[in-house]
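Report on the structure given below.
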Amino acid sequence: MRGVRLAVAVIGIAVGVAADGRAFGVDQPLLWLPDLAIGMFGAWLLWLWWPRRSQMPALLRVLFIGFAWLPIAFALYSIQSLWYASTSDFVLGRAPAHALFIGFFGSLLVAMVTRVTQGHSGRPLVLGNTAAFAFVVVQGVAITRVLAEVLPDTVAWHAVAGIGWIVAFLPWVLRSGRIYLSPRIDGQPG
């Protein structure tokens, strides 16, 4: 059943991207429908997969928080598409794309790479301070980039977000690089 859900999600996203005629200068007044469907499907998966126990490890929690950006991004795409269909104006600019690429993909990058790095280096599967810092700052960067599309003085907000991106990832990348260049701490091969 999980494979079917994933296949539906991938097909839905592919149909939504293929239907997006804006890149080709084609007016698509019903584009908000696949955007909304993908967002609702993402929200349903998040609700379905979210662990029901009160305590979950931080490394798992950041994965689900990062996944929560998917329905947010497609809700923004839906609003953008509906607004565009009625006014021919992109009122949200690139805010939906920033929610998807920075919020969703950036958050999952930190969550998943941290998990793999910890596990394959023989370390305990914990989030750790450096990864937690990176994750929190990525959330701030995503929110800043989304809001920068609708706030005045967007250049300043973009600069803040760009600096935040470096602040988030530099310590995390340096820590991960040190781990990758070191032998496993448990002495096992790999």
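Every number here is computed from the coordinates shown, using simple stated rules; none is lab data. Everything numeric in this text was worked out from a predicted model, so none of it was measured. No Cβ is skipped: glycine too gets one built from the backbone with ideal geometry, and neighbour counts run over all protein chains shown.
Key figures for this structure:
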{"read-out": "Set P124, P96: member being of a type outside the set (S, T, Y) and over 21 Å from G42 (Cβ atoms)", "value": "P124"}
{"read-out": "Test: L36 is over 26 Å from N129 (Cβ atoms) and in contact with a Lys or Arg (Cβ under 8 Å, 6 or more places away or on another chain)", "value": "no"}
{"read-out": "Residues (among the aromatic types (F, W, Y) and without any contact (Cβ under 8 Å) to a residue 40 or more places away in the chain) located in region 35-73", "value": "F41, W44, W47, W49, W50, F64"}
{"read-out": "Some residue of region 165-186 being among the basic types (K, R), within 18 Å of the chain's Cα centre (by Cα) and assigned to a helix (DSSP H, G or I)", "value": "no"}
{"read-out": "Residues within region 139-159 that are β-branched (V, I, T) and under 26 Å from F64 (Cα atoms), tallied", "value": "4"}
{"read-out": "Residues (among the β-branched types (V, I, T) and farther than 30 Å from R178 by Cα) located in region 145-161", "value": "V146, V150, T154, V155"}
{"read-out": "Pairs where the first residue, in region 133-158, is more than 23 Å from W172 (Cα to Cα) and the second is basic (K, R), C-beta under 7 Å, 6+ apart", "value": "E149/R94"}
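This table checks each residue for (1) aliphatic (A, V, I, L, M); (2) in contact with an Asp or Glu (Cβ under 6 Å, 6 or more places away or on another chain); (3) over 24 Å from Q118 (Cβ atoms); (4) surrounded by 11 or more Cβ atoms within 10 Å (Cβ to Cβ).
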residue	(1), (2), (3), (4)
D153	no, no, yes, no
A159	yes, no, yes, yes
G162	no, no, yes, yes
W165	no, no, no, yes
F169	no, no, no, yes
R175	no, no, no, yes
R178	no, no, no, no
G187	no, no, no, no
